[in-house]
Amino acid sequence: MKKETLKLEPNVELNSLEKYIKGLNHHLSTADLIPLLQYTQDSFGYLPRQAMELISKQTRIPMSRVFGVASFYTQFSFVPKGKFTIKVCVGTACHVRGSEKVKARISELLGIKDGKTTADYRFTLELVACLGTCALGPIVVIGSSKKAESCCGGPMKQTLALGDKFYGQVSPEKVQEILGRYAKE
Amino acid sequence: MGRLNSIQDLRTLREKLKKEQENGRPTVVVCGGTGCDTFGGHAIYEALSNVIKDKGLEGKVSLKKTGCQGFCERGPLVNLWPGNIFYQKVREKDASKIIDETVLKGKVIENLLCPDPQTGKPVHIQAEVPFYKKQLRLVLRFNGIVDPTRIDDYIAVGGYSSLEKVFENMSPEQVIKEVADSGLRGRGGAGFPTGKKWEFVRKATGDIKYIICNGDEGDPGAFMDRSVLEGNPHQVLEGMIVGAYAMGCRKGYFYVRAEYPMAVEHVQKAIDQARELGLLGQDILGRGLDLDLEIKKGAGAFVCGEETALIASIEGKRGMPRIRPPYPAISGLWGKPTCINNVETLANIPIIIEKGAKWYSSIGTQGSKGTKVFALAGNVRNTGLVEVPMGTTLREIIFDIGGGIAKGRKFKAAQIGGPSGGCVPEEHLDTPIDYESLQKVGAIMGSGGLIVIDDKTSMVEIARYFMNFVQDESCGKCVPCRIGTRRMLEILNRFLQGEGKESDLDLLLELAANTRETSLCGLGQTAPNPVLSTIRYFRHEYETLLKKPTPEAAKAETVESKEKVKEGIEAG
């Protein structure tokens, strides 16, 4: 699993993360690392280096280990994601119903491979293994990758991607029309 | 609703809730599973709610949303009680008609009924629909009846009564004996006897013991655990409390995939509600049992379904497995005795306690007791969630319940057990589903993914698909898995590019054997299975690819897969 990192990073506002960590109000241990990274990923849409450094300092886990854990799990990204994340299901059921061709068509239209983001930061293309809606395969899910701004409340609420739009029985021919809906928004 | 301080309190509450529900009010039930929701289930729910409001029927007609009812292919599903009238493929515009005609006048709307595939006649009652007729729904018994976000609903149908039973009449040892006698085996795939596991944890020494519910359902094409957690989380919770009582655990975790937001939400609600009622926390029902539960969200790693990797992940480390022994039962989370059970395993516990080991063990075969839930998908007509007694044949599941192959194509193979499983060809379709029989034909029970493959799909491509998956998900800790899966993938790619060599088949078999024998954990040990089983039954497909590219038809196919492979290589 290769992961890209940013060479030059924009400054990020860490206040919300600091506040969140303070709000946890307990002695931080290694068990808090993954939940903290998940919170960061959900709030920023990726893991900014400064945020990981802050987590490392607060949890007293060396930066090397924070990075090691973050790079292991597919949920985490070190580069910002696009405004919309397109998830193409490549689970077995979707696979036998032709999800590869759908993915290829999206790749072609956006000019990016899976795991990548378009230059204008509008779309990120991701592959996922099974979304559990096999009856509708091939499935494409399009959602906003950054939810913290649009939805307040605890961290639990922010990560819930319930607002994601599911597209079922997608064929390569339908792709252009579906993407078109997001091109102007 | 206050805290329940005794078993009597719980009984009183149940009686009260039962009375409230037995008021004879007609109830409209909308399936809230992800499948039906995607088809527009939520919009139908809203529309029905509006109609009920507009007509001033609030308080006279109940409306609720339940978990997945399984028949995803025909969604969105709407059930009407009393009568269990079953509507399928319902649209938003049908809402007012359903209320006007069926609920108020008792008239059945024919074109919303499910037609019998044989006779074409509409079937009125859900239980009579062929898809449901051959099923035995125990784990899924309340999916489609209770609202998963309301503990009241679950208690009213008899939920948490197994807790009463164990607190009142059974010692922890008796509970473990009951579970052992039932013959229940782990539903996560390996099939380890649950009673034995519980006994190990009970006997292990430690100042604290943990119980973990493994909901890291990573098998692509499987969604059983998701539907149970979404549709009836309290049944799993109840199983965990009984387990905690039997083993002496004081802390527990729900490990749920982050890709399942609705499951996370429903489990969290279930925990909060149970805590509020005093079914979790300190001194549960005044019986001196302390247990608290917490959700841990998986961060996207297939290997975390392996128990030692899952523990590492909860501890905040990279999710890599370690050598066993010591088994988690002796030294698990934070070095303490830990019991890890699959979602479906835990959901079986309340049923066993309630109905008794004798009753439970009368279902199934000699070595495999009870039922198994399968996620039936792929090129099959009726996609969905099915629960059958052990010993049912694959043919019955695919053809009687699943309705056969979609689009009039021919059956080629059933892939069972996901990336760790194998393909079962037509000649073995009458294999009964149980742990041993499936192993004999080169597949495994697995967690319950069942993908039907039709005759236009290349089996070498299927093998490549799974190898690509495990190669990507291999954690990289041990060499045989990390390198072995990579090399096997390269060879499969060569085959599909038409560049395979005669010696490649033997090399593939040798690599498969080595990876299987020497890998650290189950992921590597079972990774070669899809390759081995496709070579075993579809060797000719590999051999045809070696002879390419001569025949015209084959050429076209190769070009397509070549493109796929190229993409695969570039992406990987």
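The values are calculated or read from the model by the stated rules, or taken from the named source; none is laboratory data. Source: prediction; values computed, not measured. Reconstructed Cβ throughout: ideal geometry from the backbone, glycine too, with neighbour counts over all protein chains shown. When the accessible area is computed, the model is the full protein with side chains, heavy atoms only, and any ligands, DNA or RNA have been set aside. Shrake-Rupley method; radii C 1.70, N 1.55, O 1.52, S 1.80 Å.
Listed by first and then second residue, the pairs with beta-carbon distance under 7 Å, at least 6 apart or on different chains, first residue in the range B:235-252 and farther than 11 Å from B:Leu346 by Cα, second hydroxyl-bearing (Ser, Thr, Tyr), are B:Cys249/B:Tyr210; B:Lys251/B:Tyr210; B:Gly252/B:Tyr210. Contact map, the range A:159-185: residues that are under 23 Å from A:Arg97 (Cα atoms) and open to solvent by less than 40 Å² (accessible area, probe 1.4 Å) paired with residues that are part of a helix (DSSP H, G or I) and modelled with pLDDT under 85, Cβ distance under 6 Å, separation 6+ or inter-chain. Pairs shown: A:Gly168/A:Leu136; A:Gly168/B:Thr38.
Residue count for the range B:101-114 under the criterion of being under 32 Å from the mean Cα position of the chain (by Cα) and exposed (fewer than 15 other Cβ atoms within 10 Å of the Cβ): the result is 1.
Exactly one residue out of B:Phe71, B:Phe39 is under 28 Å from B:Glu238 (Cβ atoms), of a type in the set (Phe, Trp, Tyr) and within 29 Å of the chain's Cα centre (by Cα), and it is B:Phe71. The selection criterion, being in contact with a Gly (Cβ under 7 Å, 6 or more places away or on another chain) and open to solvent by 40 Å² or more (accessible area, probe 1.4 Å), holds for B:Asn5.
When we screen B:Tyr132, B:Tyr160 for residues that are in contact (Cβ under 8 Å) with a residue 24 or more places away in the chain and more than 23 Å from B:Met390 (Cα to Cα), the only hit is B:Tyr160.
State whether one or more residues within the range A:85-93 are open to solvent by 20 Å² or more (accessible area, probe 1.4 Å), assigned to a helix (DSSP H, G or I) and in the same structural domain as A:Lys165 (by TED's automatic domain parsing). No: zero hits.
Out of curiosity, is B:Arg275 assigned to a loop (DSSP other than H, G, I, E, B), under 22 Å from B:Ile155 (Cβ atoms) and among the charged types (D, E, K, R)?
Numbers: assigned to a loop (DSSP other than H, G, I, E, B): no; under 22 Å from B:Ile155 (Cβ atoms): yes; among the charged types (D, E, K, R): yes.
Answer is no for this residue.
Here A:Thr74 passes the criteria (1) in contact (Cβ under 8 Å) with a residue 40 or more places away in the chain; (2) more than 28 Å from B:Tyr253 (Cβ to Cβ); (3) open to solvent by 60 Å² or more (accessible area, probe 1.4 Å) except the one numbered (2). Taken over the range B:157-180, residues that are small (Gly, Ala, Ser), open to solvent by 10 Å² or more (accessible area, probe 1.4 Å) and either assigned to a helix (DSSP H, G or I) or farther than 23 Å from B:Cys68 by Cα (or both) amount to 3. Once the range B:335-382 is narrowed to residues that are free of Cβ contacts under 8 Å to residues at least 60 places away in the same chain and under 22 Å from B:Ile241 (Cβ atoms), the residue that is farthest from the other protein chains (Cβ to nearest Cβ) is B:Trp359.
Of all the criteria given as (1) within 12 Å of chain B (Cβ to nearest Cβ); (2) without any contact (Cβ under 8 Å) to a residue 12 or more places away in the chain; (3) closer than 30 Å to B:Glu294 by Cβ; (4) surrounded by 16 or more Cβ atoms within 10 Å (Cβ to Cβ), the one not satisfied by A:Tyr39 is (2).
When residues in the range A:108-120 are screened for being more than 8 Å from chain B (Cβ to nearest Cβ), surrounded by fewer than 20 Cβ atoms within 10 Å (Cβ to Cβ) and of a type outside the set (A, V, I, L, M), 5 of them pass.
The set of residues in the range B:206-225 being farther than 30 Å from A:Leu136 by Cβ and either modelled with pLDDT of 95 or more or among the charged types (D, E, K, R) (or both) consists of B:Asp207, B:Ile208, B:Lys209, B:Tyr210, B:Ile211, B:Ile212.
For every residue, the table says whether it meets (1) away from chain B (no Cβ under 13 Å); (2) crowded, with 19+ Cβ neighbours inside 10 Å; (3) farther than 29 Å from B:Val380 by Cβ.
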position: A:Ser56; (1), (2), (3): no, no, yes
position: A:Gly68; (1), (2), (3): no, no, yes
position: A:Lys81; (1), (2), (3): yes, yes, yes
position: A:Thr124; (1), (2), (3): yes, yes, yes
position: A:Pro138; (1), (2), (3): no, yes, no
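Residue by residue through the range B:323-333, note down the ones that are in contact (Cβ under 8 Å) with a residue 60 or more places away in the chain and either open to solvent by 10 Å² or more (accessible area, probe 1.4 Å) or closer than 20 Å to B:Pro193 by Cβ (or both). Listed by number, the residues that qualify are B:Ile323, B:Tyr327, B:Ala329, B:Ile330, B:Gly332.
When the range B:204-227 is filtered for residues that are crowded, with 24+ Cβ neighbours inside 10 Å and of a type in the set (Lys, Arg), only B:Arg226 remains.
Can you find, within the range B:181-203, the residue that is most open to solvent (accessible area, probe 1.4 Å) among those that are assigned to a helix (DSSP H, G or I) and touching a residue at least 40 places away in the same chain (Cβ under 8 Å)?
Going through the range B:181-203, the residues assigned to a helix (DSSP H, G or I) turn out to be B:181-182, B:194-203.
Add one more test, that the residue is touching a residue at least 40 places away in the same chain (Cβ under 8 Å), and what stays is B:181-182, B:194, B:197-198, B:200-202.
Details: B:Asp181: 82, B:Ser182: 0, B:Thr194: 3, B:Lys197: 48, B:Trp198: 0, B:Phe200: 102, B:Val201: 0, B:Arg202: 81 Å².
In this case the residue turns out to be B:Phe200.
B:Gly206 meets each of the listed conditions (1) within 25 Å of the chain's Cα centre (by Cα); (2) part of a loop (DSSP other than H, G, I, E, B) apart from (1).
Go through the range A:94-106 and give me each residue that's in contact with an Asp or Glu (Cβ under 7 Å, 6 or more places away or on another chain) and open to solvent by 20 Å² or more (accessible area, probe 1.4 Å). Break it down stepwise before answering.
Keep residues of the range A:94-106 that are in contact with an Asp or Glu (Cβ under 7 Å, 6 or more places away or on another chain), which gives A:103-104.
The answer is A:Ala104, and nothing else.
Please go through the range B:31-44 and give me each residue that is crowded, with 24+ Cβ neighbours inside 10 Å and over 21 Å from B:Thr383 (Cα atoms), ordered by number. Within the range B:31-44, B:Ile44 is the sole residue that qualifies.
Of all the listed residues (A:Ala129, A:Ala104), the sole one being within 7 Å of chain B (Cβ to nearest Cβ), in contact with a Pro (Cβ under 8 Å, 6 or more places away or on another chain) and at pLDDT 85 or above is A:Ala104. Would you mind stating whether B:Pro337 is more than 22 Å from B:Glu217 (Cβ to Cβ) and assigned by TED's automatic domain parsing to the domain that holds B:Ala204? Here the answer is yes, as B:Pro337 does meet what is asked. Out of B:Glu265, B:Glu315, B:Glu306, B:Glu259, one residue alone is under 30 Å from B:Lys165 (Cα atoms) and open to solvent by 10 Å² or more (accessible area, probe 1.4 Å). It is B:Glu265.
Residue-by-condition table, conditions (1) within 26 Å of B:Asp225 (Cα to Cα); (2) touching a Pro at 6+ places or on another chain (Cβ under 9 Å); (3) within 14 Å of chain A (Cβ to nearest Cβ); (4) open to solvent by 20 Å² or more (accessible area, probe 1.4 Å):
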| position | (1), (2), (3), (4) |
| --- | --- |
| B:Asp54 | no, no, no, yes |
| B:Val61 | no, yes, no, no |
| B:Gly67 | yes, yes, yes, no |
| B:Gly75 | yes, no, yes, no |
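Among residues of the range B:420-438 that are touching a residue at least 40 places away in the same chain (Cβ under 8 Å), those with a Cβ under 7 angstrom from a residue that is surrounded by 20 or more Cβ atoms within 10 Å (Cβ to Cβ) and among the charged types (D, E, K, R), sequence gap 6+ or separate chain, pair up as B:Ile433/B:Lys372; B:Tyr435/B:Arg185. Return yes when B:Glu20 is of a type in the set (D, E, K, R) and under 24 Å from B:Tyr160 (Cβ atoms) and no when it is not. Judged against the criteria, B:Glu20 is a match.
What number of residues within the range B:215-247 are over 22 Å from B:Ser161 (Cα atoms) and not aliphatic (A, V, I, L, M)? The total comes to 11.
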